[in-house]
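Worksheet: one structure, shown below.
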């Protein structure tokens, strides 16, 4: 299964997926890495790993529909059957999602349904939770609310600031996102209701 | 520190707190166990552990204020400085809470702020989360929303039903609730904003 990865920044999750894809026997490969910004550090990292890259800037398209159509075209041109959002800072419309039904994944740095949205490590610390974590989920039109594929939990320690907590969570992101891609490529994920069953 | 424990049912968390209190060097003791129902199985368990028990039935009081005043009187008569809700199936008003400011704890079988309210194991399974757990928190007028003292995380396994998940969580409840009582009795909990700091 070929995977298209959408980034906006340094793309550390993109790298973790690409490294997994490069390991022997992994059932997926990276088709293309697309950034919505030409200065995303992840573009260089992708290129240095020998991956195809593309830049699709919203400002260079008439509207969101045209922007998303371009994304979709490039993903299809690279035969991508799975789309992984990896720090991609844009909401995708249901129009785009319809091009990849049940085939768009995202990772979010909290134990959803706690703390959707932005700045979540700060929210978690201010809320005083003792555990946070990360969630790989299917993307739906509602932000951070799609069916959950995998999660990892980490402790929130006394004295944590958002960046320390973010680093602890990121370690787990780099573990579960490639694992979710593997499960997807192996055809082992079934959405039932709003839960995801993993077949053995 | 003397602890009053409020129950409505079998009171398994009451037993775990009472057992901890009975262990050498534990900085708290049970003052009284109060049930809002005369048929709560926990009453017999408390009595068999040699604890004082009382029954305060809402139906035998003119209104909620009178009911809560009676609870408060009994707790004070037993010199209780800390109130632990242990499966107590009633919402306490801010009038009652004012009698024990910052001294009422509850335990909830989810990783709050996910899944407040009732029937939470079913909600967690239907939502498809991979981790759930339990939360000891200070009680405020808003249900299941007070500052978090301790949490424990447990995996949600494929094939779990609500009762299997509840049993896995309950094991952790019996661990963290006594620990929260200990921290409270040792004066190590400070509420800052909506988070709780634990001093060493």
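Read the figures in this text as sums done on the coordinates, not as results from a lab. Only a predicted model underlies this, so the values are computations on that prediction, with no experimental measurement involved. Quick reminder, even Gly has a Cβ in these numbers, built from the backbone with ideal geometry, and neighbours come from all protein chains shown.
So, residue A:82, is that one out of contact with any helix residue (DSSP H, G or I) (no Cβ under 6 Å at 6 or more places or on another chain), over 30 Å from residue B:138 (Cβ atoms), surrounded by 19 or more Cβ atoms within 10 Å (Cβ to Cβ) and away from every other protein chain (no Cβ under 11 Å) or not? Taking the combined requirement at face value, the residue does not satisfy it. Considering every residue within region A:20-39, establish whether at least one is in contact with a helix residue (DSSP H, G or I) (Cβ under 9 Å, 6 or more places away or on another chain), in a helix (DSSP H, G or I) and without any contact (Cβ under 8 Å) to a residue 40 or more places away in the chain. Checked region A:20-39: no residue is in contact with a helix residue (DSSP H, G or I) (Cβ under 9 Å, 6 or more places away or on another chain), in a helix (DSSP H, G or I) and without any contact (Cβ under 8 Å) to a residue 40 or more places away in the chain. Within region B:85-98, the set of residues being assigned to a helix (DSSP H, G or I) and surrounded by fewer than 19 Cβ atoms within 10 Å (Cβ to Cβ) comprises B:94, B:95, B:98. Please determine whether any residue of region B:150-171 is within 13 Å of chain A (Cβ to nearest Cβ), within 29 Å of residue B:191 (Cα to Cα) and either out of contact with any strand residue (DSSP E or B) (no Cβ under 9 Å at 6 or more places or on another chain) or in a loop (DSSP other than H, G, I, E, B) (or both). Scanning region B:150-171, I find no residue that is within 13 Å of chain A (Cβ to nearest Cβ), within 29 Å of residue B:191 (Cα to Cα) and either out of contact with any strand residue (DSSP E or B) (no Cβ under 9 Å at 6 or more places or on another chain) or in a loop (DSSP other than H, G, I, E, B) (or both), so the answer is no. Would it be correct to say that residue A:117 is in contact with a helix residue (DSSP H, G or I) (Cβ under 9 Å, 6 or more places away or on another chain), on the phi > 0 side of the Ramachandran plot and within 14 Å of another protein chain (Cβ to nearest Cβ)? Criteria met by residue A:117. Filtered by the rule that a residue be touching a strand residue (DSSP E or B) at 6+ places or on another chain (Cβ under 8 Å) and surrounded by fewer than 13 Cβ atoms within 10 Å (Cβ to Cβ), region A:42-78 gives a lone residue, A:47.
How about region B:132-143: which of its residues are assigned to a strand (DSSP E or B) and either over 19 Å from residue A:124 (Cα atoms) or under 14 Å from the mean Cα position of the chain (by Cα) (or both)? Those that are assigned to a strand (DSSP E or B) and either over 19 Å from residue A:124 (Cα atoms) or under 14 Å from the mean Cα position of the chain (by Cα) (or both): B:134, B:135, B:136, B:137, B:138. Taking the criterion of being surrounded by fewer than 22 Cβ atoms within 10 Å (Cβ to Cβ) and within 13 Å of the chain's Cα centre (by Cα), the residues of region B:144-171 that qualify are B:144, B:150, B:170. Considering the conditions (1) in contact (Cβ under 8 Å) with a residue 12 or more places away in the chain; (2) not in a strand (DSSP E or B), residue B:101 is excluded by exactly one of them, (1).
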